[in-house]
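Colleague: The following block contains the structure, expressed as structure tokens.
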Amino acid sequence: MPNLIRHLLAAGATAVITVAGFAAPAAHADVAPHPIGGGSGIVQQLQQTANGWSAELCTLTAVGYDGAGNLVGLTNAHCFIDAAGHKLVGDKVYLDTTPPGTAANPASTSFDVNPTLAIGPIGTVTYVSTPNDYLTGGTPGLDYAVIKLDPSKVTPTATVSSPSGSTTINSIGPVSGFGTRMCKQGHRTGLTCGITLGQDGIWYTTLIWTLGGDSGSPVVNGTTLTGVAWGAQHFTPITSVLSDLNAQGGVGAGFHLAN
């Protein structure tokens, strides 16, 4: 009988899952590099509980290399904030092997987790910024995280597809003006598009649809990456993220796309 996972939606666009009824494989059997890029799904905060296992789901914003040559992925910071508010630097990240969904038919809320565990961790979180804190009224943050990826497990791709369409990221650029139609590629709801409404403090608002599990989705104008989606129809400009990341230094500084 398949081992099933149930996704329970949390605030924002992070999906929380609980897992029961299986034992983790003794060894990672699947070692072939898997293509990942902006729009690929990830599993994080994977841990054993009294009832089995629990985890959360998000989406990668982009994959590339930093100035030191590390293979790096970007996503949302709130994907790596636990219930007590702690930043989970050092958390292991896994690949979400479930088929991506669409807005009309979101990615399944139940699936066999063993393929994800068979691949094993694909990376480690090295930096977590201040989250957006939009719903809590806390300090507004850029809400981004850096993942040092394992090149023996994953390989970068510029194009990620879902049943609703494909997204190719070939460049990085600023946010376009009011009314510009932009799109996001999220693992939970695939490709969705909408206009930019304008600036909201350090973020931007849009009419782009997101759902739990889409946190971190790339917001693109054509093939240009312009933002990091984090739910509530908001995104952080990617130029702000990279500027802050370069100022922080360390893994991720000097980030550029792999293509």
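The values are calculated or read from the model by the stated rules, or taken from the named source; none is laboratory data. The structure presented is a predicted model; accordingly, all values stated were derived computationally and were not measured. For neighbour counting, all protein chains shown are included, and Cβ atoms are generated from backbone atoms with ideal geometry for every residue, glycine included.
Colleague: Does VAL125 qualify as being crowded, with 17+ Cβ neighbours inside 10 Å, touching a Phe, Trp or Tyr at 6+ places or on another chain (Cβ under 8 Å), of a type in the set (A, V, I, L, M, F, W, C) and closer than 19 Å to GLY222 by Cβ?
Modeller: So VAL125 does not fit the description; no.
Colleague: Yes or no: GLN199 assigned to a strand (DSSP E or B) and crowded, with 22+ Cβ neighbours inside 10 Å?
Modeller: Criteria not met by GLN199.
Colleague: Answer yes or no as to whether THR130 is in contact with a Ser or Thr (Cβ under 7 Å, 6 or more places away or on another chain), farther than 24 Å from SER243 by Cβ and either touching a residue at least 40 places away in the same chain (Cβ under 8 Å) or of a type in the set (A, V, I, L, M, F, W, C) (or both).
Modeller: No; evaluated as a whole, the condition is false for this residue.
Colleague: So is LEU46 hydrophobic (A, V, I, L, M, F, W, C) and either at pLDDT below 95 or crowded, with 22+ Cβ neighbours inside 10 Å (or both) or not?
Modeller: Judged against the criteria, LEU46 is a match.
Colleague: Among residues belonging to segment 173-196 that are among the β-branched types (Val, Ile, Thr) and crowded, with 19+ Cβ neighbours inside 10 Å, point out the one that is nearest to the chain's Cα centre (by Cα).
Modeller: THR189
Colleague: I'd like the residue in segment 202-229 that is over 21 Å from LEU149 (Cα atoms), polar (S, T, N, Q) and buried (at least 23 other Cβ atoms within 10 Å of the Cβ) and, out of all such residues, is farthest from the chain's Cα centre (by Cα).
Modeller: Per the stated criteria, the residue is THR206.
Colleague: I want to confirm something. Restricting to segment 230-244 and keeping residues that are in contact with a Gly (Cβ under 7 Å, 6 or more places away or on another chain) and more than 12 Å from ILE172 (Cβ to Cβ), which single residue is surrounded by the most Cβ atoms within 10 Å (Cβ to Cβ)?
Modeller: Within segment 230-244, the match that is surrounded by the most Cβ atoms within 10 Å (Cβ to Cβ) is TRP230.
Colleague: Also: For segment 68-100, give me each residue that is in contact (Cβ under 8 Å) with a residue 60 or more places away in the chain, outside any loop (DSSP other than H, G, I, E, B) and over 16 Å from ASP143 (Cβ atoms).
Modeller: The answer is LEU71, VAL72, LEU95.
Colleague: Moving on to the next point. Report every pair of residues separated by at least 6 positions or lying on different chains whose Cβ atoms are under 7 Å apart, first residue within segment 173-189 and closer than 26 Å to PHE255 by Cα, second of a type in the set (Val, Ile, Thr) and in a loop (DSSP other than H, G, I, E, B).
Modeller: MET182/ILE208; CYS183/ILE208; LYS184/ILE208; LYS184/THR210; GLY186/THR210
Colleague: Filtering segment 101-144 down to residues that are outside any loop (DSSP other than H, G, I, E, B) and within 21 Å of ALA32 (Cα to Cα), which residue is modelled with the lowest pLDDT?
Modeller: Filtering first and then ranking leaves ASN114.
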